[in-house]
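Heads up, the thing below is written out as structure tokens.
Every number here is computed from the coordinates shown, using simple stated rules; none is lab data. These numbers were taken from a predicted model, which means no experiment stands behind them. Neighbour counts run over all protein chains shown; Cβ positions are idealised from the backbone, glycine included.
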Amino acid sequence: MESGIAPQAFGGIAGRSVLVTGASSGLGRHFAGLLARSGARVALAARRLDSLEALRGEIAEAGGEAIAVPLDVTDAASVTAAVALTVERLGGLDILVNNAGVTVTKPCLDTSEQEWNHVLDTNLKGAFLVAQTAARAMRDGGKGGAVVNVASILGLRVAGQVAAYAAAKAGLVQLTQAMGLELARHRIRVNALCPGYIETDLNRDFWGSDAGQALIKRIPQRRLGQLQDLDGPLLLLCSDASAYMTGSVLAVDGGHLVSSL
């Protein structure tokens, strides 16, 4: 679905090189399409190359520019290769949308060490490896850049049966602030986008259930977020419109975080 936001309202995206991780589906796929429509040259990164190639074709057909880049965020060598390929093919790296993530929904007492490691390695270690490597490329390019870490409101408050995910996203929020502090001297801005409950193809059936409807009633706006609700905030953090923002944590959740206990 295309955004109702006018991309031209956010300066400094057209013509810039963007790396989007987890671009094969969900939020990452949506963000990549949005940035391509905004005039960016987009490196689509994920493990599922077939899905990336399909998206690359859609972007090209719409007049945009994109490349498909294989990436396993938990593997340092893969991260280094993906960033190097992005810089080579797109002529540099200006913006990183650090989106790749996984979750395990299970009581903490039943979560295995393997499941814990899978979530933390992807959502926190992987996010660090990509942000670190991308920031080095931005520093070496001499123009600075913007890093947007896609966290979650579950990094700011908790819910049941997602202990590993909540811990990883809380760590990502702190990592955002720590890197924002350190990288400001290199003109690299690091901010976090924290979506609330967003409706996607993967969770649509749940939201139609009795349990899902009960949860929606706890959101002050009494509705789920839609993918396009993230467009303006994402474009803000990627663009020159947020030139004086770094280490910021931006929640987009229909007021869920401020709901009463």
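Looking at G26, G101, G91, which one is out of contact with any helix residue (DSSP H, G or I) (no Cβ under 7 Å at 6 or more places or on another chain), of a type outside the set (A, V, I, L, M) and under 18 Å from T133 (Cβ atoms)?
Values: G26 fails: under 18 Å from T133 (Cβ atoms); G101 fails: out of contact with any helix residue (DSSP H, G or I) (no Cβ under 7 Å at 6 or more places or on another chain).
Matching residue, one of G26, G101, G91: G91.
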Given (1) without any contact (Cβ under 8 Å) to a residue 60 or more places away in the chain; (2) β-branched (V, I, T); (3) out of contact with any strand residue (DSSP E or B) (no Cβ under 8 Å at 6 or more places or on another chain), where does V190 come up short, assuming only one miss? (3)
Pick out the one residue from A81, A131, A100 that is part of a loop (DSSP other than H, G, I, E, B) and crowded, with 16+ Cβ neighbours inside 10 Å. A100
Of L44, L85, L90, L49, the only residue that is of a type in the set (A, V, I, L, M) and within 24 Å of L193 (Cα to Cα) is L44
Those helices (runs of 4 or more DSSP H) lying entirely in the stretch 161-219 with at least 3 residues hydrophobic (A, V, I, L, M, F, W, C) and farther than 21 Å from L124 by Cβ: 210-216
Kindly indicate which of R185, R139, R204 is more than 22 Å from L230 (Cα to Cα) and without any contact (Cβ under 8 Å) to a residue 12 or more places away in the chain. R185
Buried (at least 22 other Cβ atoms within 10 Å of the Cβ) and within 30 Å of V258 (Cα to Cα): is that true of A178 in this structure? no
